[in-house]
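Structure first, then comments.
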Amino acid sequence: MDGIVRTAEQIVVIEAARTYVAGIRPVDMTDSGRLAGHLMAAETLLMKIAEAFNEPEPTA
């Protein structure tokens, strides 16, 4: 059952990243505030993706 939940979490986080990227409009490269916001959002999504795809710690 854990494998099914893990796979579902992976799918959810990938879809969240896809949705975010699909919603990005062309960015004015001179708007540093907007660029920083996109970078922070991307970092958060990447951390969630890494967490979802990390191998679970073996339990003893």
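What to note about this one:
To keep it simple, each residue is scored yes or no on (1) touching a helix residue (DSSP H, G or I) at 6+ places or on another chain (Cβ under 7 Å); (2) aliphatic (A, V, I, L, M); (3) at pLDDT 90 or above.
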{"position": "G3", "(1), (2), (3)": "no, no, no"}
{"position": "T7", "(1), (2), (3)": "no, no, yes"}
{"position": "A17", "(1), (2), (3)": "yes, yes, yes"}
{"position": "G33", "(1), (2), (3)": "no, no, yes"}
{"position": "G37", "(1), (2), (3)": "no, no, yes"}
{"position": "M40", "(1), (2), (3)": "no, yes, yes"}
{"position": "T44", "(1), (2), (3)": "no, no, yes"}
{"position": "K48", "(1), (2), (3)": "yes, no, yes"}
{"position": "P58", "(1), (2), (3)": "no, no, no"}
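- Among the residues making up segment 41-60, a single one is among the aliphatic types (A, V, I, L, M) and farther than 23 Å from G23 by Cβ: A60.
- In segment 1-17, the residue that is nearest to P56 (Cα to Cα) out of those that are aliphatic (A, V, I, L, M) and either surrounded by 10 or more Cβ atoms within 10 Å (Cβ to Cβ) or touching a residue at least 12 places away in the same chain (Cβ under 8 Å) (or both) is A8.
- Set side by side, the residues A50, A36 differ, and just one is loosely packed, with under 11 Cβ neighbours inside 10 Å, free of Cβ contacts under 8 Å to residues at least 24 places away in the same chain and within 14 Å of the chain's Cα centre (by Cα), which is A50.
- Qualifying residue in segment 18-27 (condition: of a type outside the set (A, V, I, L, M, F, W, C), without any contact (Cβ under 8 Å) to a residue 12 or more places away in the chain and surrounded by 12 or more Cβ atoms within 10 Å (Cβ to Cβ)): no
The values are calculated or read from the model by the stated rules, or taken from the named source; none is laboratory data. Everything numeric here is computed off the predicted structure, so don't read it as measured data. Cβ: placed from backbone, ideal geometry, glycine included. Neighbour counts: every protein chain shown.
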